[in-house]
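In what follows, a single structure is set out as structure tokens and then discussed.
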Amino acid sequence: MQNFSLLDLSPIAEGKTAADALAGTVDLAQHAERFGYHRYWLAEHHNMPGIASAATSLVIGHVAAATSTMRIGAGGIMLPNHAPLVIAEQFGTLATLYPGRIDLGLGRAPGTDMATARALRRHMAPEDSFPQDVQELIAYLGDMPDGSAVRAIPGTGTHVPVWILGSSLYGAQLAAYLGLPYAFASHFAPAMLEQAIETYRQTFRPSAFLDKPHVMMAAGVCAADTDEEATFHRSSQLLAFARLRTGKPGKLPYPVEDIEQEIPAPVLAQVREALACSATGSPDRVRQQLGTLVDTFQPDELMITGMIHDHTARLRSFEIAAEILTEMRSQAAAA
């Protein structure tokens, strides 16, 4: 594990507003930079009452302006919602304003429900043009000749690093074919993690971007000074995910003492399975759980995330995780 990073979904908590969520994102990013996180990514979701990062490139710019060294990026932009040129211009502008600090992760899912996807795209294309759109976008960010009919300005010549995101074999195969870094969404869809990493590494083709495969996996983390406190704070994310799964999305719920009284057993079992790639508990417990994940899957990078209602507890969770991951990285380097 070369680096560890942070995925922030900019959660809007019950009793709070989108403005509170965005202020919390900036504060968390500033703390994360001090804690030693390598990247800070935000994700595109739409029509979600509990997520404030819909206009992802705007939030990335806001966070980049409030930090100075950490890489800031999208994990990710849902490319089917956009024309490649628009994203090239947005991220070309970000890279021009914050050179050497911007990442662009690209996803193939809509990041929302189909009604909202139609509202975003206006005209739904029946064919899957994601591979072609990725290559078109990369070309706009590359060294296009001055005489090209269409250029991204700003954008051309910025060479913003592009990642392929995925939760199945599709993204692994595409990232390997194009020779791009690959990030797997194991924090909410871990079922195919091992197979996807193996497929990516075995079929990777060296490119102008990478000479060898580079894979990042994601994991949920809820760390606190005691196991009981961590379990309590973790209940907010379990509740939020259960409500999303049952068609009742909302703001990030207040934590509860007994999660089994709040979620029907079959739904809770599905939620725990979806969020199984995670670490919850005291520092010793989180250290053991994260160590097992890293040892098992051998990622080049680990990105962690966590939906915690109380902002102070959220900061503390990411601080504990950073201390553990810094120690793990140092031990691996010394081995």
Could you count how many residues in the stretch 125-153 are surrounded by fewer than 17 Cβ atoms within 10 Å (Cβ to Cβ) and touching a residue at least 60 places away in the same chain (Cβ under 8 Å)?
-> 2
Residues (buried (at least 16 other Cβ atoms within 10 Å of the Cβ), charged (D, E, K, R) and in a loop (DSSP other than H, G, I, E, B)) located in the stretch 230-261 = Lys251
Scan the stretch 82-102 for residues that are assigned to a helix (DSSP H, G or I) and either open to solvent by less than 20 Å² (accessible area, probe 1.4 Å) or touching a His at 6+ places or on another chain (Cβ under 7 Å) (or both) and jot them down.
-> Pro84, Ile87, Ala88, Phe91, Gly92, Leu94, Ala95
Do the conditions hold for Ala276, that is, is it more than 27 Å from Ala21 (Cβ to Cβ) and either open to solvent by 10 Å² or more (accessible area, probe 1.4 Å) or at pLDDT below 95 (or both)?
-> no
Which residue pairs have Cβ atoms under 8 Å apart, sit 6 or more places apart or on different chains, and have a first residue in the stretch 16-37 that is more than 16 Å from His309 (Cβ to Cβ) and a second that is assigned to a helix (DSSP H, G or I) and of a type in the set (Ser, Thr, Tyr)?
-> Gly36/Thr326
If you scan the stretch 110-145, which residues turn out to be modelled with pLDDT of 80 or more and either part of a loop (DSSP other than H, G, I, E, B) or within 16 Å of Ala55 (Cα to Cα) (or both)?
-> Thr116, Ala119, Ser129, Gly142, Asp143, Met144, Pro145
Residue ID - farthest from Arg101 (Cα to Cα), chosen from residues in the stretch 28-47 that are open to solvent by 50 Å² or more (accessible area, probe 1.4 Å) and out of contact with any strand residue (DSSP E or B) (no Cβ under 9 Å at 6 or more places or on another chain) = Asn47
Hey, Thr203 of a type in the set (S, T, N, Q), within 30 Å of Ala175 (Cβ to Cβ) and surrounded by 20 or more Cβ atoms within 10 Å (Cβ to Cβ) or not = no
In the stretch 10-47, which residues are closer than 24 Å to Phe297 by Cα and among the aliphatic types (A, V, I, L, M)?
-> Leu42, Ala43
Filter result (farther than 17 Å from Leu141 by Cβ and either part of a helix (DSSP H, G or I) or not hydroxyl-bearing (Ser, Thr, Tyr) (or both)) within the stretch 175-189 = Ala176, Tyr177, Ala183, Phe184, Ala185, His187, Phe188, Ala189
Being aliphatic (A, V, I, L, M), outside any loop (DSSP other than H, G, I, E, B) and within 22 Å of Ala321 (Cα to Cα) is the filter here, so list the residues in the stretch 23-57 that pass it.
-> Ala23, Val26, Leu28, Ala29, Ala32, Leu42
Which condition number does Leu79 fail, the rest of (1) open to solvent by 10 Å² or more (accessible area, probe 1.4 Å); (2) under 17 Å from the mean Cα position of the chain (by Cα); (3) among the aliphatic types (A, V, I, L, M) being met?
-> (1)
May I ask you to verify whether Asn3 is in contact with a helix residue (DSSP H, G or I) (Cβ under 9 Å, 6 or more places away or on another chain) and open to solvent by less than 50 Å² (accessible area, probe 1.4 Å)?
-> yes
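The values are calculated or read from the model by the stated rules, or taken from the named source; none is laboratory data. Please read these numbers as outputs of a predicted model, since none were measured by experiment. Cβ coordinates were reconstructed from backbone atoms using ideal geometry, including for glycine residues, and neighbour counts include every protein chain displayed. SASA here: full protein model, heavy atoms, side chains in, ligands and nucleic acids out. Shrake-Rupley method; radii C 1.70, N 1.55, O 1.52, S 1.80 Å.
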